[in-house]
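Shown next, in C-alpha cells, is the structure this report addresses.
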Amino acid sequence: MKNESQLKTIVERAYVERLDAWQLAAVRIKHWLTEQQKGLLKDKDISRLDVDGQRIKDAARTLAKLTEKTEDDPHLTITSTEDVEDQIRDIVGIKVLCKSPRDQSMMFAALRDPDQLGSFELIEWKDYTDPPKASGYRACHVTLRIPSDQGAPVFAEIQVKTRLQDAWSELTHEDMYKPGAAMKPSKLHGEFARAMANMLATVDDMADTLAVELTALTNPEPVVEIDELREQDSGIDVRVRATGPKYALAVDGSGRQGLIPAFAIRRLSGQKGTIKVNDFIHLDDRLRASVEEDSKGLYYIPLELPEH
C-alpha cells in the first residue's frame with residue numbers, strides 16, 4: 001500500500017495525463033444523452049428530461065476515496081493512472097434530471113439497452129430507488145465505458161434522478177458528509193435526512209399519479225364527430241387563456257374555463273400521431289367551440305382551427 005504522499009502523486013499524475021480525455025468523453029456523453037432525450041420524448045414535452053452539466057470529480061475527492069479504499073483493503077495497490085481510473089469509475093460524471101419517477105424509469109431502461117448504447121459499453125448499474133441507501137439517497141446510476149481517441153477508454157457514471165431526489169442532496173447538504181468531506185453526519189442529521197427523503201419520495205409518487213390523471217383528462221375519447229357538431233350549430237365563442245403541448249385552456253363569455261384537448265386539435269389538423277397543441281392554438285385566439293362536460297371536467301371542442 002502506498003502512503004498518502006505517494007498516492008497523492010499518482011492521482012496528480014493521472015489528472016495531468018488523462019484530463020483531456022475525460023473532458024472530451026464528458027462532452028461526448030452529454031451530446032449522446034441529449035439525442036437520447038429527444039428520441040425518448042419525440043414530440044412530447046422535452047423538459048421532462050434535463051441533461052445536466054457534466055463534471056470532472058475534484059482531484060482531492062478522488063484522493064480521499066482512494067485513501068479510504070486502501071485503508072479498507074491493505075492488499076489494494078495503486079501504482080498507475082490505470083489503477084486510479086479502475087478504482088474510481090465516476091471521475092467523469094453527468095446527471096439526467098427527470099420530472100417524475102416514470103421518466104426516471106424510462107431513462108434508466110434506455111441507458112441499459114444495448115441497442116441504444118452504440119459504441120458505449122455498459123459496465124454496471126445500480127438502482128438506489130427501491131430500496132434507497134440507508135442515508136435516504138435515491139437515484140439510478142449507470143457506469144459506461146467510453147471509447148477514446150486519447151488512449152484508453154474512459155469510465156463515466158450517469159446519475160438519473162428526479163428533480164426532488166436531486167433537491168434532497170441540496171437540502172441535506174449531502175456533499176458535506178461524503179467520504180473526505182468536511183463534516184461527519186450526526187444522528188440528528190441522519191434522521192432528518194431520511195425523513196426528508198421519504199417525504200420527497202411521497203411527493204414524487206403523487207406527482208406521477210397526477211401526471212397520469214392529467215393525461216387521461218386531456219385525452220378523452222371523442223364523443224361526437226366534428227361534422228355532426230357543426231351541423232348542430234351548438235358552438236359558443238371562447239378565448240384561449242393558456243396553451244401548451246398537451247392542451248389549451250379557454251374561457252367563455254361568462255368566465256367558465258374549459259380544456260381544449262389534443263385529440264380535437266389533431267382531428268382538425270388532419271395529422272396523425274402526436275401533435276403539439278400550441279403549434280395550432282395560440283394565446284388570445286378566439287374560437288367557436290362545442291361544449292362537452294362530464295364528471296372529470298369541462299371541455300371546449302373547437303369547430304375550426306384559427307387562422308394565423
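The values are calculated or read from the model by the stated rules, or taken from the named source; none is laboratory data. Bear in mind that the values here come from a model prediction, so they are computed numbers and not experimental data. Neighbour counts are summed over all protein chains in view; Cβ atoms, including those assigned to glycine, are modelled from backbone coordinates with ideal geometry. The area values use the complete protein model at the heavy-atom level, side chains included, leaving out ligands, DNA and RNA. Shrake-Rupley method; radii C 1.70, N 1.55, O 1.52, S 1.80 Å.
Note on region 1-53: Cα convex hull, mean projected area over all directions, 5.4 nm².
Surface composition of the chain: carbon plus sulfur atoms contribute 51% of the solvent-accessible area (1.4 Å probe, protein chains only, all chains present). Only alpha carbons enter this Debye calculation for the chain, each as an equal point scatterer, and the log10 of I(q)/I(0) it gives at q = 0.13, 0.14, 0.15, 0.16 Å⁻¹ is -0.98, -1.07, -1.16, -1.25.
Were the residues from Asp58 through Asp83 laid out at 0.36 nm apart, the gain over their Cα-Cα distance would be 7.3 nm. Per residue, region 236-308 exposes an accessible area of 54 Å² to a 1.4 Å probe, with every protein chain left in place. Note on Glu191 and His173: the extension gain reaches 5.1 nm, defined as 0.36 nm multiplied by sequence separation minus the Cα-Cα distance. Spatially, region 97-124 and region 244-303 are offset by 34 Å when compared through their Cα centroids.
Stretching the chain fully between Asn198 and Val212 yields a gain of 2.9 nm (0.36 nm per residue, less the alpha carbon separation).
Each helix, a run of at least 4 DSSP H residues, gives -39500 (n - 2.57); summed and divided by the residues of the chain, these come to -13500 deg cm²/dmol at 222 nm. When only alpha carbons of region 71-209 are considered, Rg and Dmax amount to 17.0, 51 Å. When the label point is put 7 Å from the Cα of Leu305 along its Cα-to-beta-carbon vector, which residues of region 21-49 have a backbone N closer than 18 Å? Taking a point 7 Å out along Cα→Cβ of Leu305, the residues of region 21-49 whose backbone N falls under 18 Å are 43-44. Solvent-accessible surface of region 1-135, taken per residue with a 1.4 Å probe and all protein chains present: 54 Å².
Legend: calculated FRET efficiency, Leu283 to Asp115, from the Cβ-Cβ distance at R0 = 41 Å, rounded to 0.05, equals 0.50.
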